[in-house]
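Derivation of every value follows stated rules applied to the coordinates shown; laboratory data play no part. The structure displayed is predicted, hence computed values, not measured ones. In this analysis, Cβ positions are derived from the backbone assuming ideal geometry, glycine residues included, and neighbour counts consider all displayed protein chains.
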Amino acid sequence: MRDYTPNIPEVVEEVRQKFERYEAALTDKDVDVLDDTFWRSPFTVRLAMSEHGYGYDAIHEHRVARPPGPGIKEKRIRLEILTIGTDVATVNLEFKVRGKELIGRQSQSWVKFPEDGWKVISAHVSTTDGSKLW
């Protein structure tokens with residue numbers, strides 16, 4: 001029988017550590033860590049403002065071309081991690097966009113694979129001016 005218990009503390013912590021490792025790698029342009037975070041599959045998707053990464057290889061190409069630096073995140077507003085059982089998670093981050101009056105939104109879907117551990121299978125980054133927030 002599968003366990004669908006939400007937010008088992010040690011599972012949330014595992015995902016949090018993977019997420020923070022990924023965030024640090026974005027700033028440092030550590031392509032090895034960035035690549036290691038994502039599922040090595042043609043089904044993996046990462047959509048961002050200047051990227052339509054369909055498949056692991058396309059995502060990797062963007063990683064290599066991306067300049068190093070702090071990126072667009074000026075400060076975090078809200079981080080939400082939801083785990084279901086021990087093998088599925090979502091991470092959602094709301095942040096202030098550096099130097100602009102915009103709010104950024106980042107979402108990731110994670111799966112814990114028996115052979116590879118936690119991997120992002122789908123990710124999205126977008127911005128909004130915040131005027132239509134409920």
Q) What does the charge add up to near Lys75, with Lys and Arg as +1, Asp and Glu as -1, over the other residues with Cβ less than 10 Å from its Cβ? A) +3
(Q) Out of the GluC sites (Glu not before Pro) in segment 45-115, which ones are loop residues according to DSSP with at most 12 other C-beta atoms within 10 Å? (A) Glu101, Glu115
Q) Karplus couplings for segment 77-92 from phi (6.51 cos²θ - 1.76 cosθ + 1.60, θ = phi - 60°), rounded to Hz, Gly and Pro as x? A) 9, 7, 10, 10, 10, 10, 10, 10, x, 10, 10, 9, 8, 10, 10, 10
Q) Among residues other than Val11 whose Cβ falls under 9 Å from its Cβ, what is the net charge (Lys/Arg +1, Asp/Glu -1)? A) -3
Q.
Can you tell me the length gained on complete extension of the stretch Phe43 to Val31, counting 0.36 nm per residue apart and subtracting the Cα distance?
A. 2.3 nm
